[in-house]
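Trainee: Let me give you the structure first, and then I'll get to my questions.
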Amino acid sequence: MSKVIGIVQVKGGAVRSTVATNLAAMLSREASTALVDCDMPQGTSMSWYALRQAQNPDDDLALATADGYKQLVDQVQRLNQSKDYIVLDAPPRIAEVTRAILMLSDLLIIPLGASAAEVWATTDLLETIEEAKKKRQQIDYRIMWNRYRAYTKSAVELSAAVHDEIDAPELASRFGHRVAFSDALACGKSADEWHDPSAKAEVDALGREVMEILS
């Protein structure tokens, strides 16, 4: 049976697809993996995958799309027969498909950047997750810091504010503020296939931590 990982954040531009594509690519080198783009018709993960397939048609990562929660449920049920991991790239809003992702996922990853707007959006999302837990108590979710600059005063202050405002567990893994992530995405690659050793280490750390949580 597959382990399902939902990448969820209701704030637009919060690098959900960056996390989803990098995680899916890394996992696909360890086990049978599918990436499901649920943000249609935007389709960032779908576009990334098309570039990837054009360069390497034999790549082991599979892709599916879901335009609505019914199609998402059907795709997960189908992929559950053959994949070890299914990564769901959610839309930037609380929609029916988002609520379905909350119910289907074994692990939810909530990307969070160093901005007040993303903190506010995350607070709203956590309220939705708490509502969902009334129906599925075992929902497991983790905050994941992105575009993180630990050495800046603003990042330190925001991190402290988040710990005051948001009561949620965090992943140890973080993505730094690195051009490698956007450059790799635009080329159909993951950052651990790029030429930035720091980005590669961050992607590998995320994949290993996720596999450990789900083991």
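The values are calculated or read from the model by the stated rules, or taken from the named source; none is laboratory data. Keep in mind the model is a prediction, meaning the values are calculated, not measured. Cβ: placed from backbone, ideal geometry, glycine included. Neighbour counts: every protein chain shown.
Trainee: Any chance the stretch 54-69 includes a residue that's among the β-branched types (Val, Ile, Thr), in a helix (DSSP H, G or I), under 16 Å from the mean Cα position of the chain (by Cα) and under 26 Å from Ala191 (Cβ atoms)?
Mentor: No, the stretch 54-69 has no match at all.
Trainee: Sort through Val4, Val36, Val76 and tell me the only one that's touching a residue at least 40 places away in the same chain (Cβ under 8 Å) and either crowded, with 24+ Cβ neighbours inside 10 Å or in a loop (DSSP other than H, G, I, E, B) (or both).
Mentor: It is Val36.
Trainee: For Asp67, are the conditions met, namely being farther than 24 Å from Asp167 by Cα, among the acidic types (Asp, Glu) and either at pLDDT below 95 or surrounded by 17 or more Cβ atoms within 10 Å (Cβ to Cβ) (or both)?
Mentor: So Asp67 passes the test.
Trainee: Criterion first (assigned to a helix (DSSP H, G or I), buried (at least 21 other Cβ atoms within 10 Å of the Cβ) and of a type outside the set (Lys, Arg)) does Ala50 satisfy it?
Mentor: So Ala50 does not fit the description; no.
Trainee: Looking at Leu88, Leu102, can you tell me which residue is touching a Leu at 6+ places or on another chain (Cβ under 8 Å) and in a strand (DSSP E or B)?
Mentor: When all the criteria are applied, what remains is Leu88.
Trainee: From the set of residues in the stretch 83-107 that are under 20 Å from Trp145 (Cα atoms), at pLDDT 95 or above and surrounded by fewer than 24 Cβ atoms within 10 Å (Cβ to Cβ), which is nearest to the chain's Cα centre (by Cα)?
Mentor: So the residue we want is Leu107.
Trainee: Return a yes/no flag: does the stretch 48-69 have any residue that is free of Cβ contacts under 8 Å to residues at least 60 places away in the same chain and closer than 19 Å to Ile139 by Cα.
Mentor: Here is the first cut: in the stretch 48-69, the residues free of Cβ contacts under 8 Å to residues at least 60 places away in the same chain are 56-69.
If we keep only those that are closer than 19 Å to Ile139 by Cα as well, we get 69.
Within the stretch 48-69, one or more residues are free of Cβ contacts under 8 Å to residues at least 60 places away in the same chain and closer than 19 Å to Ile139 by Cα.
Trainee: Could you grab me the full set of residues in the stretch 23-57 that are more than 17 Å from Lys83 (Cα to Cα) and touching an Asp or Glu at 6+ places or on another chain (Cβ under 7 Å)?
Mentor: Cys38, Asp39, Met40, Gly43, Ser45, Met46, Arg52, Gln53
Trainee: So, one more: Within the stretch 187-203, take every residue that is part of a helix (DSSP H, G or I) and in contact with a helix residue (DSSP H, G or I) (Cβ under 6 Å, 6 or more places away or on another chain) and give me the one that is surrounded by the fewest Cβ atoms within 10 Å (Cβ to Cβ).
Mentor: By that ranking, first place goes to Lys200.
Trainee: Val119 - would you say it is within 17 Å of the chain's Cα centre (by Cα), outside any strand (DSSP E or B) and either among the acidic types (Asp, Glu) or within 30 Å of Gly176 (Cα to Cα) (or both)?
Mentor: It is true that Val119 is within 17 Å of the chain's Cα centre (by Cα), outside any strand (DSSP E or B) and either among the acidic types (Asp, Glu) or within 30 Å of Gly176 (Cα to Cα) (or both).
Trainee: Counting only residues that are more than 13 Å from the chain's Cα centre (by Cα) and in a loop (DSSP other than H, G, I, E, B), which one in the stretch 12-33 is modelled with the lowest pLDDT?
Mentor: Step by step, filter the stretch 12-33, then rank; the result is Gly12.
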